[in-house]
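All of the numbers you see were taken from the coordinates with simple rules; none came from a lab. Predicted, not measured: the structure shown is a model, and the values here were computed from it. We place every Cβ from the backbone using ideal geometry, glycine too, and count neighbours over all the protein chains shown.
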Amino acid sequence: MASSTLTSKSFLGSSRIDGASISSDLRKLSISSVQISFRSRIPKKLQINAAGSTFGTNFRVTTFGESHGGGVGCIIDGCPPRIPLSEADMQFDLDRRRPGQSRITTPRKETDTCKISSGVSEGLTTGTPIHVFVPNTDQRGLDYSEMSVAYRPSHADATYDMKYGVRSVQGGGRSSARETIGRVAAGGVAKKILKLYAGTEILAYVSQVHKVVLPEGVVDHESLTLDQMESNIVRCPDPEYAEKMIAAIDAVRVKGDSVGGVVTCIVRNAPRILDCSKKFLDPEHTKLILMASYCAFFAWIKSIIACQGLGSPVFDKLEAELAKAAMSLPATKGFEFGSGFAGTLLTGSEHNDEFYTDKHGRIRTRTNRSGGIQGGISNGEIINMRIAFKPTSTIGKKQHTVTRDKKETDLIARGRHDPCVVPRAVPMVEAMVALVLMDQLMAQYSQCYLFPFNSELQEPLIMPRLEAANASV
């Protein structure tokens, strides 16, 4: 029978481990001679990143810079390699976001010209972090002298001081909407990849300014175009209501006041799951994939693919991710998707989206009160959402407030600010939606298509090889 012995090392230099020895040796110790060292045992997975300037898991974007600093920008990590990319792909949306566009936006004059300094070589992404920088060129720090002492009502001035004990006074620092330049630049990259991959279109427009509300059904989401939205300075696709919205902004602008509004965003042709049929595997179509340009390939591909499967159950539902992304934008106050709060007025039989099979054999819904998402997972229909923005908090009217030393005072804010943020918020909303979809697409590919799929219920996700095409869009 095997035997074992238990050996213990001496405690505090004693060869005995009885109570008398321990007590005697402990009495000899002075408190000042005892040093206790603690090492953190918290697993890295449980450690919290409290900085709050990074968004995404697979397609990660970190924004940097402040309103009146040297400049702003972003770092994009996780971008797939070999994607054709240049500054022009980001500049289009940056121009839509920039200040000084019209009389209903802030008069600050910035070109917001972006520069890529890493992650792209010879016109193609390398798979390494992409650094994008936009310099600030029209700062007026002296406009904020009063705000260095007194807090702007409903602004982040007070809470930044409460949290950090210090803040960047000029322009509001990181709380300024100028921070969104990095988001819009990164969103431009995501939008291009989604467009290349599946012809995805992310379109946002202004559906409400103050009390001017665009009636439901006026805009056809199936045929809505970017040109319709960009045809006027308020970015409402209906000309009649656009004029009413502009008039509402003008009415408060001349009084030094501001108003809020709502931005509606839709997603058509979200990242799709390819139909693995004999037609797809036909030699003629295989030849088309290998030889045709992106335009020809994706024009054909649209006829056989179905949009499904983005999002995860429980905590990472697609609508939850979209809500977090949208609500992280400055001045946001509400988020709805599908039927939203109006859905609470319906019965189940009135609200349910009934299924049917279309002529291509795909499962569809006859209505879309679910907003293109069911159970937190996209179902193939148009994804639609609405984001509410509050009135701009920095206004030129006298307001009661307190100083940093807690004395009550009055404040008339100077500086250049939007009388209504929603016209410029349109590309910001599009960018955040694009970042969510890009992140979800990469997650879908890594989780659900690494191993064989259930051919009775699923369709394979197939990504065309970029080097096999002409890399033209």
- prompt: How large is ³J(HN,Hα) for each residue in segment 366-381, as worked out from phi by the Karplus curve 6.51 cos²θ - 1.76 cosθ + 1.60 (θ = phi - 60°), to whole Hz, x for Gly and Pro?
  reply: 6, 10, 9, 6, 6, x, x, 9, 9, x, x, 10, 5, 10, x, 8
Nonlocal amide H pairs with GLN101, under 5 Å, H built at 1.01 Å: none
task: Can you pull the one-decimal nm distance between simple spin-label points at VAL218 and VAL254, each 7 Å off the Cα toward Cβ?
output: 2.3
task: Please work out the C-alpha center-to-center distance from segment 369-429 to segment 227-255 and express it in whole Å.
output: 17
message: Taking 22 Å as R0, compute the FRET efficiency from the Cβ-Cβ separation of PHE355 and GLU456 and round it to 0.05.
response: 0.85
query: If the cut-off is a Cα-Cα distance under 18 Å, which aspartates and glutamates reach LYS191, setting aside same-chain residues fewer than 8 apart in sequence?
result: ASP77, GLU87, ASP89, ASP93, ASP95, GLU201, ASP227, GLU230, GLU321, GLU430, ASP439
task: Return the distance in nm (one decimal) between the two label points of a simple spin-label model at TYR164 and SER53, each offset 7 Å from Cα along Cα→Cβ.
output: 0.9
statement: Packing-ranked peptide list from 217-226, 107-116, highest mean Cβ count within 10 angstrom first, is 107-116, 217-226
- prompt: For segment 69-111, what does the alpha-carbon gyration tensor say about shape, rounded, prolate or oblate, given a ≥ b ≥ c as the root eigenvalues, a/c under 1.5 as rounded, and a/b over b/c as prolate?
  reply: prolate
Estimated inter-spin distance, ARG366 and ASP227, nm [label 7 Å along Cα→Cβ]: 3.5
query: Which FRET efficiency, nearest 0.05, do THR409 and PHE341 yield, Cβ-Cβ r, R0 51 Å?
result: 0.85
Over segment 319-421: Kirkwood hydrodynamic radius from C-alpha pairwise inverse distances, Å: 17.4
